[in-house]
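The values are calculated or read from the model by the stated rules, or taken from the named source; none is laboratory data. Since the structure is predicted, the reported quantities are computational estimates derived from the model, not experimental observations. In this analysis, Cβ positions are derived from the backbone assuming ideal geometry, glycine residues included, and neighbour counts consider all displayed protein chains. Remember, those area values only see protein heavy atoms, side chains included, never the ligands or the DNA or RNA. Shrake-Rupley method; radii C 1.70, N 1.55, O 1.52, S 1.80 Å.
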Amino acid sequence: MSFYIKEKFFLLVIIFLLCSAVLKAEPFEGLIKFRQYTSYDTTLLRYSIRNNKIRINKYNNEGRLLECLLVDTEKEKVTALNPERKLYRPLEPEEIKTTDKAGNYDVIRRGNHKKINGVKCYQWRVRSRENNTEIAYWVARKRFDFFHDLIELLERTNKIYEFFSEIPGKKGIFPLLSVERTLLRKERQRIAVAEITHKSMDESLFEIPDDYRMVRE
């Protein structure tokens, strides 16, 4: 192989590696579906993601849309939609962000791991005696940077978000399974990833429909 051909070959390799790095750095766009189980019912959570915008639809076990949140993590704006009555309401910061957490949190990692849907996950546990709660997270390394910003914004809406925010270095990890229990081990809820789909999302998903009316409570 001549020096000229070698030079072209190595140049192509470098270009390929640079392109691969750029592609890998692209933010996630697509759908993530979760199943949420409690002692009362089972619901489906459908997250639609595009850049800094997230739409969270919540369905009952029969597939009826119960509620919807439109989230803009860059602007820190959250809007609740009522699809049945065609209403929407901007949520105030005190409704979604936790500013005064009660008590201390113990964060535990002992190297436990298992495979979930073929993905190797490691366990983090976050415990609060004041809240009589421990939540176990089975996490994998995923470039879902939107999730880090989302939980920081929606801490007050679910303990699973609030406790996850206590994990050090949480950016770059994503929970495929979260299980909340009392300190006596009684299960309260679990949220499990059912499906992850990379796809282009229509911008209209993240907009308030024109026929919705704003209300303030």
Scanning the stretch 194-217 for residues that are in a strand (DSSP E or B) and within 30 Å of Glu92 (Cβ to Cβ), the one least open to solvent (accessible area, probe 1.4 Å) turns out to be Met214
Verdict on Lys115 being open to solvent by 80 Å² or more (accessible area, probe 1.4 Å) and assigned to a loop (DSSP other than H, G, I, E, B): no
Within the stretch 152-164, is even one residue among the aromatic types (Phe, Trp, Tyr) and out of contact with any Leu (no Cβ under 9 Å at 6 or more places or on another chain)? yes
Restricted to the stretch 118-131 and to residues being among the basic types (Lys, Arg) and either under 17 Å from Ser165 (Cβ atoms) or in contact (Cβ under 8 Å) with a residue 24 or more places away in the chain (or both), the residue surrounded by the fewest Cβ atoms within 10 Å (Cβ to Cβ) is Arg129
Of the conditions (1) open to solvent by less than 50 Å² (accessible area, probe 1.4 Å); (2) within 12 Å of the chain's Cα centre (by Cα); (3) at pLDDT 90 or above; (4) not small (Gly, Ala, Ser), Phe163 satisfies every one except a single condition; which number is it? (2)
Looking only at the stretch 144-193, which residues are out of contact with any Asp or Glu (no Cβ under 9 Å at 6 or more places or on another chain) and among the β-branched types (Val, Ile, Thr)? Ile167, Ile173, Val193
Those residues of the stretch 101-115 which are farther than 27 Å from Asn52 by Cα and either touching an Asp or Glu at 6+ places or on another chain (Cβ under 8 Å) or among the aliphatic types (A, V, I, L, M) (or both), in sequence order: Ala102, Gly103, Asn104, Tyr105, Val107, Ile108
Restricting attention to the stretch 1-53, which residues are part of a loop (DSSP other than H, G, I, E, B), among the hydroxyl-bearing types (Ser, Thr, Tyr) and either at pLDDT 95 or above or under 27 Å from Gln189 (Cα atoms) (or both)? Ser39, Tyr40
Enumeration of residues in the stretch 137-163 that are aromatic (Phe, Trp, Tyr) and in a strand (DSSP E or B): Tyr137, Trp138
So in the stretch 134-154, with the set limited to residues that are touching a Lys or Arg at 6+ places or on another chain (Cβ under 6 Å) and crowded, with 18+ Cβ neighbours inside 10 Å, which one is nearest to Ile191 (Cα to Cα)? Ala136
What is the residue count in the stretch 54-109 for residues that are touching a Leu at 6+ places or on another chain (Cβ under 7 Å), within 14 Å of Tyr212 (Cβ to Cβ) and open to solvent by less than 30 Å² (accessible area, probe 1.4 Å)? 5
